[in-house]
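Worksheet for the structure shown next.
The values are calculated or read from the model by the stated rules, or taken from the named source; none is laboratory data. Small disclaimer: the values here were computed from a predicted structure and weren't measured. Here the Cβ positions follow ideal geometry from the backbone for every residue, glycine too, while neighbour counts run over all protein chains shown.
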Amino acid sequence: MKKSQQEAYKQDYAAAKKDGKPFFPYAIYKDSLIALLAIGIVITLAIVARVEIGEPVNPASSDFIPRPEWYFFFLFELLRIFKNQNVLTPVIMGTFIIPNILILLMIIWPFIDRGPERRIWKRPISMAVGTLVIAFMGYMTYLGATAPEGIGSGETIELEPQDEISTRGTELFIANGCGSCHMIKGVGAAGPGPNLTNEGGKNRGVQWQIDHLKNPQSKIPGSSMPAFASLPQQDLEVLGEYLNNLGTKYK
């Protein structure tokens, strides 16, 4: 702390002490008022935003989608944002990089901003940093909460006729998370990828579909779709034929 800062702080402290008010009843009054306000908000939320009690837990069920406690909700939604990109991205980004950057920022900030002033209106930069961190966490939570759900457990796509390609193609489509971005016959997510219900009507050809799966940017520049080049060639061929017949042979 600089000498000038020390003198300014001492002057402000002396003035505040001279013009200050006693602890009783002023401080007790303010604390009681804020405590009552907080309790009132909790009671209001309990009445207005009720949490419904669901069905009793069934240990034999395989359709139940677990949800974390509220204090893990932020991390849970981060995992949803980065899901289906590859095996490690959700774990690295959602549980390590982003949370640790925010935590590290909050830890080191007091060592960066070492001013003696404690009144919030005289510390705009610190207030801005704290507000931005909270706003960022809220925004990322919102993105995760509104991310496409994809295809739920036990859900499938009904196509006719059902043959080896349509059955195996549907299995591969679901297993590789394609339903998180695409929809077929009302099943899957409405975005960000296009609806594939009538993909076969575009007459792109089986080889185009295979090449697109291996390297989406080679066929659609700027595409955000992840590459599936690691899939076995046999699976790529099935998916290529499957996609090329959606809406024409398979309806």
Does any residue of the range 209-230 turn out to be closer than 21 Å to Thr156 by Cα, part of a loop (DSSP other than H, G, I, E, B) and not aromatic (Phe, Trp, Tyr)?
-> no
When the range 210-235 is checked residue by residue, the ones that are crowded, with 20+ Cβ neighbours inside 10 Å and either among the small types (Gly, Ala, Ser) or in contact with a Phe, Trp or Tyr (Cβ under 8 Å, 6 or more places away or on another chain) (or both) are Leu213
Out of the residues in the range 182-192 that are surrounded by fewer than 21 Cβ atoms within 10 Å (Cβ to Cβ) and out of contact with any strand residue (DSSP E or B) (no Cβ under 7 Å at 6 or more places or on another chain), state the one that is modelled with the highest pLDDT.
-> Lys185
Being modelled with pLDDT under 85 and under 28 Å from the mean Cα position of the chain (by Cα) is the filter here, so list the residues in the range 25-55 that pass it.
-> Ala49, Arg50, Val51, Glu52, Ile53, Gly54, Glu55
Would you say Leu243 is under 18 Å from Thr156 (Cα atoms), modelled with pLDDT of 85 or more, out of contact with any Cys (no Cβ under 9 Å at 6 or more places or on another chain) and part of a helix (DSSP H, G or I)?
-> yes
Checked pairs for the range 131-146, first over 27 Å from Ile120 (Cα atoms), second of a type in the set (A, V, I, L, M) and in a helix (DSSP H, G or I), C-beta under 7 Å and 6 or more apart or across chains, list as Leu143/Ile81; Gly144/Leu78; Gly144/Ile81
Just give me the residues in the range 181-201 being closer than 19 Å to Lys214 by Cβ and of a type in the set (S, T, N, Q), in sequence order.
-> none
